[in-house]
Structures are given as structure tokens and as C-alpha cells.
Amino acid sequence: MKLSKRLQAVATLVDIGSRVIDVGCDHAYLDIFLTLNNGNNCIATDINSNALNVAKSNIKKYKLSKKIKTVLTDGLDGLDIKYDDTIVISGMGTHTILDILNTNKLSNTLIISSNNDIELLRIEVVKLGYFIDSEIFLYDKGVPYIIIKFIKGVKYYKKIDYSIGPILKNNKEYICYLINKNNKVLTVIKKSKIFLRVKYKLNNLYLTYKLKKLQK
């Protein structure tokens, strides 16, 4: 099975042989791939019964019905989560993800790809007792994605680490993406919003300085 670039990146962060709980599994492509190629035991969950039925059909197509469990549930509700599990949450907004994480027992490893508010995601998951082990930035069909692997433990982070990422702050492609994103935001901020405009301009000055250092 061939995965999208985004799901391929997620798969690279999953430890071989670990049990994976895939929240919002959609078509279960990740679960099928990990079962066939990575020796993982997977639980594919979704809140949408139609999406889960598609997942079940795909799992059956690959003759993996006895290996991949499917569960119709909201987030992690009702699941028996073990410490060594890997929880994967992808394709949701940060506030939805945090609602799931704040109301459930969690495992040692979280792999998360949020659609928005990445800084808030980093801050709040670290508060839950995790550190950032890996960060990936990529474009898949022209859409930018950030994937973060969190592991139980404590590390100290500076404010800039939360806003840019302790690992991605050294990624030239990501820095360029942030500069372009900030420039687009500046075009729509009213001139009367002086302090907000200054904030984005100062941010871009730092990012430009950082990019020049990385390019040396």
C-alpha cells in the first residue's frame, strides 16, 4: 500500500512493534500500512460511522480484520489505553485534539498533526508532561503539514521553541514557510492595528535573521 506523503511521515515516527491507537482513522490506510510493514497492532477509531465502515472495508480488502480492531467512538472514549501505546491524532484542529487529550488517560507516546494553532498545541501538550521528540514539516499536494512526536518526560523550552518549534527552528524550508505566511497576514492586518503589525514584523525580522544563519 502506498501512503500519502503526510501519512508516510507519520509512519516514520511510529516505533516498530508498538500498539497504535489511530484516532480519526478515516480510511485506515495508516493502520493497514503499519500492520503490513511495521509489525504494529492497530486500533482504528472514528466518530463517524460512515468513515469507519470505509475503514472496515479497506481492512477486509487486505485480509487484516483479525489484526486491526475498529472502534466507533469519540476520540479515546471507552478505550483501554496502556502506557506503551502510541496514540496518533491527525487531521483535526488543536482545540479538538486538546479536548481529547485532557479528558482521557494517555500513553507514553503521542504523534500529532494539527490543522492549526501549533504553538498552542506545543504549549499545552508539554504541560501534560511530555517533551518534543521529533518534528516534521512537509508539503503534501501543496498543503503544509506539521507532525510532532511527543514522549513522556520533562524538558525546558524557551518561548521561541513553542512558537517555531525546538527542532523545526533549524529547518530552512519551515522558516521560509513562516516568513511567507507572516507576510500574507501583514497584507490583511489594518494599518490601525499598529501593535499587531509590529509583532508580525518583529517576528519576521527574527525569522529572516535565523534563515540567514542557517544558510551560511
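Please determine, by comparing only the residues of the range 22-33 that are farther than 16 Å from MET92 by Cβ and within 17 Å of the chain's Cα centre (by Cα), which one is surrounded by the fewest Cβ atoms within 10 Å (Cβ to Cβ). Step by step, filter the range 22-33, then rank; the result is TYR29. Could you list all residues from the range 74-90 that are of a type outside the set (Asp, Glu) and either surrounded by fewer than 15 Cβ atoms within 10 Å (Cβ to Cβ) or in a loop (DSSP other than H, G, I, E, B) (or both)? Passing the criteria: GLY75, LEU76, GLY78, LEU79, ILE81, LYS82, TYR83. For the range 101-108, state whether one or more residues are under 12 Å from the mean Cα position of the chain (by Cα), buried (at least 16 other Cβ atoms within 10 Å of the Cβ) and touching a residue at least 12 places away in the same chain (Cβ under 8 Å). For the range 101-108, residues under 12 Å from the mean Cα position of the chain (by Cα), buried (at least 16 other Cβ atoms within 10 Å of the Cβ) and touching a residue at least 12 places away in the same chain (Cβ under 8 Å): absent. A single entry from VAL20, VAL71, VAL10, VAL14 fulfils the requirement of being part of a strand (DSSP E or B) and either touching a Cys at 6+ places or on another chain (Cβ under 8 Å) or under 18 Å from ILE112 (Cα atoms) (or both): VAL20. For ILE43, indicate whether it is open to solvent by 40 Å² or more (accessible area, probe 1.4 Å) and under 19 Å from the mean Cα position of the chain (by Cα). Taking the combined requirement at face value, the residue does not satisfy it. Being under 15 Å from VAL126 (Cα atoms) and loosely packed, with under 15 Cβ neighbours inside 10 Å, is that true of even one residue in the range 159-168? Yes: the range 159-168 contains one or more residues that are under 15 Å from VAL126 (Cα atoms) and loosely packed, with under 15 Cβ neighbours inside 10 Å.
Against the criterion of being part of a helix (DSSP H, G or I) and among the aliphatic types (A, V, I, L, M), LEU101 qualifies. Scan the range 124-149 for residues that are farther than 19 Å from LYS181 by Cβ, out of contact with any Lys or Arg (no Cβ under 9 Å at 6 or more places or on another chain) and buried (at least 16 other Cβ atoms within 10 Å of the Cβ) and the total you get is 3. Do we have GLY93 as of a type outside the set (A, V, I, L, M, F, W, C) and on the phi > 0 side of the Ramachandran plot here? Criteria not met by GLY93.
State yes or no: is GLU173 open to solvent by 40 Å² or more (accessible area, probe 1.4 Å), acidic (Asp, Glu) and touching a helix residue (DSSP H, G or I) at 6+ places or on another chain (Cβ under 7 Å)? When the stated conditions are applied, GLU173 does not pass them.
The values are calculated or read from the model by the stated rules, or taken from the named source; none is laboratory data. Bear in mind the structure is a predicted one, so any value in this text is a computation, not a measurement. Ideal geometry is used to build each Cβ from the backbone, glycine not excepted, and the neighbour counts take in all protein chains shown. Please note that ligands, DNA and RNA were not included when accessible areas were found on the heavy atoms of the full protein model with its side chains. Shrake-Rupley method; radii C 1.70, N 1.55, O 1.52, S 1.80 Å.
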